[in-house]
Every structure is written in C-alpha cells, then in structure tokens.
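Report on the structure given below.
The values are calculated or read from the model by the stated rules, or taken from the named source; none is laboratory data. Nothing here was measured: the structure is a model prediction, and the numbers come from that model. Cβ sites come from the backbone with ideal geometry, for glycine too, and all protein chains shown count toward neighbours. Protein only, heavy atoms only, side chains kept; ligands, DNA and RNA dropped before computing areas. Shrake-Rupley method; radii C 1.70, N 1.55, O 1.52, S 1.80 Å.
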Amino acid sequence: MANEVSEIERRVEQLQQSLELPNASLSRRWLDSELLALWLLNIDADAVSMDAQGIGRFWQNLPYWAFAWAGGRALAQFIVANPNLVAGKRVLDFGCGSGIVGIAAALAGAKTVFVADLDPQALLAAQVNAAVNGVDIQIVDGDWPQVDLLLASDVLYDISSSVDLKTLMLDIPHWLLAESRFVAPDFVELRCLQQIVTSTLPAIGDFDERVEVDIYCRRDDPLIPMLN
C-alpha cells in the first residue's frame, strides 16, 4: 500500500513539474455531482500577465488535462444517474483529458475502461486520477480496442479534423456524447437524451461558469427506451 501511495505521489509530482504556467499548481478536489476526486489546476489568474502576448501564452500552455471541463462533467453526471448504461460493459473514453468520464464509468460498474488522448500528459493524469478513485483504466496503445460503448465529450465541434472519432462512431453501435457547442455531423443522426447545466473547474474569470451541455446518442440506439 505504501509503495502504491508513493507511486501516485511521484506521478503527481511529474504532472506538477510539467505545468508551464506562472503561479500554477495541482490540488486534489472532490466533485460532489460526479462523486469522484480529481487533481485539478490551481492558479491565481489575477497574477497572470493578461496583455495580448500574455493571454496567448496562457492559452497555449494551458494543461487541458488539469481541468474538469463542462462537457466531461455533464457526461460523468449522466453516468452517475444512469449506471445501467455502462455497468458490465467495455467502454472507451475518447479524448479523455483528466479521465473524468472513464473514471465515472468505472465507478458505475463498467467491466473495462479504455482511455485515449493525443496528449501523453492527459494519459498520465487519467491514470493518477483513476488510482485516487480506486479504479483501473487501460491506456489505448495501438489499435482501437473492441468495446461496447464509446464515451466522448466536447469533441464534435471539430468533427472534420477527427478521422478516428468518425470511424469509431460508425463502427461502435452504442455511444454517449456530451456537447455544448458543435457542428452536427452529417454521417450519423443524433438524439438528445438530456440537457445538463454545469461548469468548468477550475473557473478562470467567468469562462464556462454556466454551460448547457446536451447528452446525445445515436437516434436509433436501442438504449434510448431504457431512459424513457
């Protein structure tokens, strides 16, 4: 047990050292609505230079894996309220970031949780956060795994640039997507299951303080009647 704690601490320190923002650190926070804990960015935004160049550097160096984005929070909350949709299933958290959605699925009883992200630091953060919550996740390395359910949030706004996501949405019969702003894909029809109002953590000024997030599935997905 001591060795396990030591390894988590080592990885948190590794993530801490990767931060490229002034006055920034990581802190462990409990999210009441999602019933899980995450290591999130802690920053004094007032201390950050906010001239034009400063703003550019700020967003360029932003560690997206150190936020609980509104879309991910909404999908995690939806899973908490509907654990039967993931229980016993093999799921893939696409563009996992902090791992919030995959961790929520694991806590809700998913059989296996795979996570994928282009940022290696996000994959490390997801592993750390999974360990903090006492669940296991598997990093996608190579070919896409065979899964029962695809989970993704805040990804459809740029669907044209994501060949992988389009392929997965066409290949995997069941998926749940959480989106607040996007261009609707022309290769599949969606159905909105629920709208959840949440926020991004940590808050930077008034950025994403109140976000209306829609939860979608495939229009003809047989999972839908289970929610009616």
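Name the residues in region 125-136 that are within 13 Å of LEU40 (Cα to Cα) and more than 13 Å from the chain's Cα centre (by Cα), would you?
So the first thing to find is which residues in region 125-136 are within 13 Å of LEU40 (Cα to Cα), and the list is 125-126, 128-129, 132.
VAL128, VAL132 - these are the residues of region 125-136 that are within 13 Å of LEU40 (Cα to Cα) and more than 13 Å from the chain's Cα centre (by Cα).
Taking interchain pairs and intrachain pairs at least six residues apart, which have beta carbon atoms under 9 angstrom, with the first residue in region 15-44 and in contact (Cβ under 8 Å) with a residue 12 or more places away in the chain and part of a loop (DSSP other than H, G, I, E, B) and the second open to solvent by less than 80 Å² (accessible area, probe 1.4 Å) and acidic (Asp, Glu)?
PRO22/ASP44; ASN23/ASP44
If a residue has to be over 15 Å from LEU38 (Cα atoms) and of a type in the set (Val, Ile, Thr) to count, how many in region 63-105 make the cut?
Number of matching residues: 4.
Confirm whether ALA105 is in contact (Cβ under 8 Å) with a residue 24 or more places away in the chain and either in contact with a strand residue (DSSP E or B) (Cβ under 9 Å, 6 or more places away or on another chain) or closer than 26 Å to GLN195 by Cβ (or both).
Details: in contact (Cβ under 8 Å) with a residue 24 or more places away in the chain: yes; either in contact with a strand residue (DSSP E or B) (Cβ under 9 Å, 6 or more places away or on another chain) or closer than 26 Å to GLN195 by Cβ (or both): yes.
Spelling it out, ALA105 is indeed in contact (Cβ under 8 Å) with a residue 24 or more places away in the chain and either in contact with a strand residue (DSSP E or B) (Cβ under 9 Å, 6 or more places away or on another chain) or closer than 26 Å to GLN195 by Cβ (or both).
Out of the residues in region 80-102 that are free of Cβ contacts under 8 Å to residues at least 40 places away in the same chain and not in a loop (DSSP other than H, G, I, E, B), which is farthest from ALA126 (Cα to Cα)?
Here the answer is ALA81.
Has region 62-73 got at least one residue that is over 28 Å from GLN146 (Cβ atoms), over 18 Å from the mean Cα position of the chain (by Cα) and at pLDDT below 90?
No - not one qualifying residue is present in region 62-73.
Rundown of residues vs (1) more than 18 Å from VAL80 (Cβ to Cβ); (2) outside any loop (DSSP other than H, G, I, E, B); (3) open to solvent by less than 30 Å² (accessible area, probe 1.4 Å), yes/no style:
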{"residue": "PHE114", "(1), (2), (3)": "yes, yes, yes"}
{"residue": "LEU118", "(1), (2), (3)": "yes, no, no"}
{"residue": "GLN146", "(1), (2), (3)": "yes, no, no"}
{"residue": "LYS166", "(1), (2), (3)": "yes, yes, no"}
{"residue": "ARG181", "(1), (2), (3)": "yes, no, no"}
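Here's the yes/no breakdown for (1) open to solvent by less than 40 Å² (accessible area, probe 1.4 Å); (2) at pLDDT below 90; (3) in a strand (DSSP E or B); (4) of a type in the set (D, E, K, R):
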| position | (1), (2), (3), (4) |
| --- | --- |
| MET169 | yes, no, no, no |
| ASP186 | no, yes, no, yes |
| ILE196 | yes, no, yes, no |
| ILE215 | yes, no, yes, no |
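Output the number of residues of region 198-213 satisfying the condition of being open to solvent by 40 Å² or more (accessible area, probe 1.4 Å) and either closer than 18 Å to VAL91 by Cβ or assigned to a loop (DSSP other than H, G, I, E, B) (or both). Write out each step before concluding.
Narrowing region 198-213 to residues open to solvent by 40 Å² or more (accessible area, probe 1.4 Å): 203, 205-207, 209-210, 212.
Going one step further and asking which of them are either closer than 18 Å to VAL91 by Cβ or assigned to a loop (DSSP other than H, G, I, E, B) (or both), we end up with 203, 205-206, 209-210.
Summing the residues that are open to solvent by 40 Å² or more (accessible area, probe 1.4 Å) and either closer than 18 Å to VAL91 by Cβ or assigned to a loop (DSSP other than H, G, I, E, B) (or both) in region 198-213 gives 5.
Would you check which residues across region 148-164 are out of contact with any Asp or Glu (no Cβ under 8 Å at 6 or more places or on another chain), open to solvent by 30 Å² or more (accessible area, probe 1.4 Å) and at pLDDT 80 or above and list them?
Hits for region 148-164 are ASP148, VAL163, ASP164.
Would you call ALA110 under 20 Å from GLU9 (Cα atoms), open to solvent by less than 30 Å² (accessible area, probe 1.4 Å) and in contact (Cβ under 8 Å) with a residue 24 or more places away in the chain?
Numbers: under 20 Å from GLU9 (Cα atoms): no; open to solvent by less than 30 Å² (accessible area, probe 1.4 Å): yes; in contact (Cβ under 8 Å) with a residue 24 or more places away in the chain: yes.
The answer is no for ALA110.
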